[in-house]
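Here it is, the structure in full.
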Amino acid sequence: MIFQVADAVKFNRTSEYGQLVTNPPYGERMMEKEDAEALYRAFGKTTEELPGKWRLVILSSHTEFERCFGRPAKKKRKLYNGMIKCDAFLYGI
């Protein structure tokens, strides 16, 4: 098992399979909503290049996350991050 830290927009992997779990800014505390949406769009484009056996789990409270990311999640799970109501968006599951 390998753990790495990488820039979400520059993330690139060529291994056949893997799993990416991330909790990007929601646009509530760390950045503006518009900045968070731009990050989601860029990250969505970056992950389109991942091989088909990769799985993504993305935690966000943004109500328009899937629209910004560019595709709907295969599954969603509701949860709380502290007191913030969030969804875990599951791709490739």
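The values are calculated or read from the model by the stated rules, or taken from the named source; none is laboratory data. Remember, predicted model here, so these are calculated numbers, not experimental data. Here the Cβ positions follow ideal geometry from the backbone for every residue, glycine too, while neighbour counts run over all protein chains shown. Heads up: the accessible areas ignore ligands, DNA and RNA and are worked out on the full protein's heavy atoms, side chains in. Shrake-Rupley method; radii C 1.70, N 1.55, O 1.52, S 1.80 Å.
Are there any pairs, at least 6 apart or on different chains, whose C-beta atoms fall under 7 Å, with the first in region 1-24 and free of Cβ contacts under 8 Å to residues at least 40 places away in the same chain and the second open to solvent by 70 Å² or more (accessible area, probe 1.4 Å), and if so, which?
Pairs that qualify, where the first residue is free of Cβ contacts under 8 Å to residues at least 40 places away in the same chain and the partner is open to solvent by 70 Å² or more (accessible area, probe 1.4 Å), are Asn12/Glu49; Glu16/Lys53; Tyr17/Lys53; Gln19/Arg55.
Moving to a separate point now. Considering only the chain, give the strands (runs of 3 or more DSSP E) lying wholly within it that have at least 1 residues that are of a type in the set (S, T, N, Q) and surrounded by 12 or more Cβ atoms within 10 Å (Cβ to Cβ). Let's see the steps before the verdict.
Details: elements: 17-22, 53-60, 75-81, 84-91.
Correct list: 17-22, 53-60, 75-81.
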